[in-house]
Each structure stands twice: as structure tokens, then as C-alpha cells.
Amino acid sequence: MTSSSSDTTALFAPLIAEIRALYGPGPIPLHRPVLEGPERRWLVECIDSTFVSSVGPRVMEFEERVAVFTGARFAVATVNGTAALHVALHLAGVTADSEVLTQALDFVATCNAVRYAQAWPVFVDVDRDTLSLSPLALAAFLDRHAERRADGVYNRASGRRLAACVPMHTFGLPGRIEAIVAICDHWGIPVVEDAAESLGS
Ligand SMILES: Cc1ncc(COP(=O)(O)O)c(C=O)c1O
């Protein structure tokens, strides 16, 4: 960021005023789940059927419907988003002491999953309009710091392997995923898309 904090305050003042007009003074909830109509019925149905764990007809139906919706061959339900990322990072080849590129504005679960894989997050800036990983910042980072070696791409500054990139779609705003994938393909870095905030976007 090149702007000073007073520039930043002025920049966001109209947005803050608009949000305050909606919510009034005091804490603003990041998200408040609304469970009514079919959602409430299906939750009650799960409780009544006792299928409240990792198996049951609704789990399989969820996996099938997510696969169809996303165009993937398979979908696997996990206990939460952190576990899904943890598994995906392993499958992408993230190993202990490697690095994972991700974005500076994020929910902590992404970094938790990186640390569960015993790797290190490397933070790259986001775009102001999408709030998601900036392809320009990513390309600039890789051009400046990345080095191809026989067994992968390395961060010259840290000496660690850049094992994966995890962009995230913030608050349901789709990020510039095609550009990010093109940059990572160019470097041979696998992409794990953190869509925890964006299913349906
Ligand atoms: C960007 C992001 N990644 C991952 C997660 C997964 O979190 P959890 O393990 O709580 O399901 C979340 C949850 O909100 C998230 O916002």
C-alpha cells in the first residue's frame, strides 16, 4: 500500500457512513445465518433421522449436487472448510517447510490449513475491486522472487519451495481466477481454490 492511513480513512469514509446508516452504532455482524423454510425443514429432518454425522442420504446428495453444480467429476464432503483445504493441500503436493502463496486479506482458516500441512503462508496483496488475490501482485511477486529448479519453483528470498497457491473469493465476490490459474500454470504451481465464502457466486 502506498497510501497513508489518513488517505485510507478518507477513501473509505463514504462506505463506512453507508454501512453505519444501515446498522447504526455498535458491532456489525460479519454474517448472521438465516435458517428458515426448506433449510430449517431439512435440518429438523436430519435430527429426526439421526443422520447428523459423516454418513447419510443427505451427505451423498450434497456431494452429487455440488459435483453437478461445479462441473467436477467428484465432490467429497468434509467436516469443515479447514479440513477440505488441508486435504487439498496434501493432494496438491504441499509438504513440510514448503510455502503456499495466499492473499493478505483472508479468513484465518486458509492459513490454519497451510500450517496444519506444516507449510508456510506467503501473503500477496488483493485487488481493491474484488478483495481477492491480485493477479498483478502475484505475477510481480513470482517475477521478482521465484526461481525454477529441477524439483520445483523456489522462493529465492527464503530458499523454500513454492508448493501451491490458494486464492480465495472474498465474501462471495468472485476473484480473477482465470488470470491467477494462467500465471500459476506458467510457473507450474498448483492452484487450490478456497471457495468457502463463494459457493454459488
Ligand atoms: C476463506 C475461508 N476459508 C476457509 C474457511 C473454512 O472455515 P471452517 O473450517 O470454519 O469451515 C472459511 C470459513 O468461513 C473461510 O471464510
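Could you list all residues from segment 147-177 that are in contact with a Pro (Cβ under 9 Å, 6 or more places away or on another chain) and surrounded by fewer than 21 Cβ atoms within 10 Å (Cβ to Cβ)?
Selection gives ARG176, ILE177.
So, in segment 36-54, of the ones that are surrounded by 10 or more Cβ atoms within 10 Å (Cβ to Cβ) and within 28 Å of the chain's Cα centre (by Cα), which residue ends up farthest from LEU199 (Cα to Cα)?
The residue in question is VAL52.
Evaluate the following for VAL79: is it within 16 Å of the ligand (Cβ to nearest atom) and either under 15 Å from the mean Cα position of the chain (by Cα) or part of a strand (DSSP E or B) (or both)?
Considered against the rule, which asks whether it is within 16 Å of the ligand (Cβ to nearest atom) and either under 15 Å from the mean Cα position of the chain (by Cα) or part of a strand (DSSP E or B) (or both), VAL79 comes out as no.
Can GLU63 be described as touching a residue at least 12 places away in the same chain (Cβ under 8 Å) and more than 24 Å from HIS186 (Cβ to Cβ)?
Details: touching a residue at least 12 places away in the same chain (Cβ under 8 Å): yes; more than 24 Å from HIS186 (Cβ to Cβ): yes.
In short, yes.
Quick check on my filter: what residues within segment 126-156 are in a loop (DSSP other than H, G, I, E, B), in contact with a Lys or Arg (Cβ under 9 Å, 6 or more places away or on another chain) and closer than 26 Å to PHE107 by Cβ?
Residues satisfying the conditions are ASP127, THR130, SER132, SER134.
Among the listed residues ALA72, ALA96, ALA92, identify the single one that is within 16 Å of the ligand (Cβ to nearest atom) and either in contact with a strand residue (DSSP E or B) (Cβ under 6 Å, 6 or more places away or on another chain) or within 27 Å of ALA117 (Cα to Cα) (or both). Walk me through it before giving the result.
Values: ALA72 fails: within 16 Å of the ligand (Cβ to nearest atom); ALA96 fails: within 16 Å of the ligand (Cβ to nearest atom).
Result: ALA92 is the single residue among ALA72, ALA96, ALA92 that is within 16 Å of the ligand (Cβ to nearest atom) and either in contact with a strand residue (DSSP E or B) (Cβ under 6 Å, 6 or more places away or on another chain) or within 27 Å of ALA117 (Cα to Cα) (or both).
Each value in this text was obtained by applying a stated rule to the coordinates, not by laboratory testing. For clarity, every value in this text was computed on a predicted model and none was experimentally measured. Don't worry about glycine lacking a Cβ; one is built from the backbone with ideal geometry, like all the others, and counts go over all protein chains shown.
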